[in-house]
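No value in this document is a laboratory result; all are computed from the given coordinates. In this text, all values refer to a predicted model and were calculated from it rather than measured experimentally. Glycine also receives a Cβ, built like all others from the backbone with ideal geometry; neighbour counts cover every protein chain displayed.
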Amino acid sequence: MSEFAKLWAEIAPIGRAGSGGYLRFALTEPELTLRDWFRAQAALRDMTVTDDGNGNLFAWRGEPWAPGTVLTGSHFDSVPHGGGYDGPLGIVSAFLAVDRVPRDRRIGIAAFVEEEGGRFGVPCLGSRLLTGVIDPDRAAALTDRDGISFGAALGARPAGARKEIGQIAAVVELHIEQGRALETPVGVASAIWPHGRWRMDFTGIGDHAGTTRMTDRHDPMLTFAHTVLTADQEARLAGAHATMGRVQVEPNATNAIPSLVRGWLDARAADTATLDRLVGSVVEKATERAARDGTTLAMTAESVSGEVAFDTALAERLSALLKDAPILPTGAGHDAGVLSAHVPTAMLFVRNPTGVSHSPAEHASDDDCEAGIEALATVLEELT
Ligand code: GLV
Ligand code: MN
Ligand code: MN
Ligand code: MN
């Protein structure tokens, strides 16, 4: 069994659901168990563990935040029934890469909290707090589906921006590739598409399914259904991506016209102008349809992430170092994208044979993960 397979087997059962996917939500029991595992791995390597008061955990070889340190790592949390590689691969690889780099090098390994926004709604919450992109009070007030706030789950008001991030020499996040774009074991990221999440509240009038004439209805489900189809059509026309993968219905009864349908739009495009046009046209068409259905639409932007262009010189340097590894963009968000506005940042991707992600079917071969670890070690040695 390879070193990777051994370590991977330690965390594979943690938070695995009957679906084969993972329920590893930030600061819930499985994620806290993974944090204990993180501390144990750090202790095995005589690395110092700190947290930043925002829920992000760090293991340091050398003094915490020492100038010139290179930061690597990723996140433990998953989307509902997500794959096991998205996030944890970057942390497991980081520990194994550190083992292959001379001991005098200054390296930090991060486990960022709530990267997926799967519990509190805002993705990359930990890296946004660390870099001051989100106000700590706003973050503290975010609630999960049971009404528990991030502040309560953390047990404190988040500390917010840490100026020490400015002392970090570079960030390198290793991640499973999540599209169908990488045909070699390892690639280097060039950019992240701008993207965002918008909550759309369609309000109508709840009523009896059997007695309400079709002409008397104010059914928000119709407005919502029309909006799902519009988002799909507009995204296809724009060469962009739009998804409405989460919905809540009130009262959610077979024999009642809903009073409220709340849907979340996830939209992404290669550039900001296309994204803005896409979202604008979905809203315009949804509003027109609401007028026809006698319903109303209220829209809230829950998070918007601008376009990320990773440091081109760094990406080219790493690609050359890794025997001309391909350089490719991605439509997935990452903490590295948030950090890239503050620190020279790069990402390494590990091949995903089917490209499926945010699903139990997500997979990378042990050999490719091993190649990723070797590449990360090479890069850490080069940059420290
Ligand atoms: C996170 O993985 C995202 O891009 O949604
Ligand atoms: Mn993800
Ligand atoms: Mn991820
Ligand atoms: Mn992500």
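Tell me, what does the Kirkwood hydrodynamic radius of the range 208-276 come to in angstroms if you use every pair of distinct C-alpha atoms?
13.7 Å
Let me know the Kirkwood hydrodynamic radius for the range 114-178, please, with Cα pairs as the basis and the value in Å to one decimal.
For the range 114-178, the Kirkwood estimate is 12.8 Å.
Over the chain, what is the relative contact order in percent, taking alpha-carbon pairs closer than 8 angstrom and at least six residues apart?
22 percent
Tell me, what does the Kirkwood hydrodynamic radius of the range 117-223 come to in angstroms if you use every pair of distinct C-alpha atoms?
18.5 Å
Give me the number: length gained by fully extending Arg246 to Asp36, i.e. 0.36 nm times residue separation minus the C-alpha to C-alpha distance, one decimal in nm.
So the chain would gain 72.5 nm between Arg246 and Asp36.
Over the range 225-384, what is the relative contact order in whole percent, taking alpha-carbon pairs under 8 Å and six or more residues apart?
Computed value for the range 225-384: 15 percent relative contact order.
Using alpha carbons only, how many degrees (0 to 90, rounded to 10) separate the axis of helix 312-321 from the longest principal axis of the chain?
Its long axis makes an angle of about 50 degrees.
Binning every alpha carbon pair distance of the range 8-160 at 10 Å from zero, what are the percents per bin?
Pair shares across the bins are 12, 42, 34, 12, 1.
Quick one: helix 220-238 against the long Cα principal axis of the chain, what's the angle to the nearest 10°, folded into 0 to 90?
Taking Cα atoms only, the helix is inclined about 50 degrees.
Under the rule a/c < 1.5 gives rounded, and otherwise a/b versus b/c splits prolate from oblate, where does the chain land using the Cα gyration tensor?
prolate
Give me Rg over Rh for the range 304-384, both radii from the alpha carbons and Rh done the Kirkwood way, two decimal places.
0.97
Nearest 0.05, what FRET efficiency do Ala291 and Thr211 give at R0 = 41 Å with Cβ-Cβ as r?
Approximately 0.95, to the nearest 0.05.
Can you compute the FRET efficiency between Asp366 and Arg145 using 1/(1 + (r/R0)^6), with r the Cβ-Cβ distance and R0 = 35 Å? Round to the nearest 0.05.
Computed FRET efficiency for Asp366 and Arg145: 0.50.
With r as the distance between the Cβ atoms of Leu229 and Ala256 and R0 = 25 Å, compute the FRET efficiency 1/(1 + (r/R0)^6) and round to 0.05. Let's see the in-between values first.
Working: r = 23 Å, r/R0 = 0.93.
Computed FRET efficiency for Ala256 and Leu229 comes out at 0.60.
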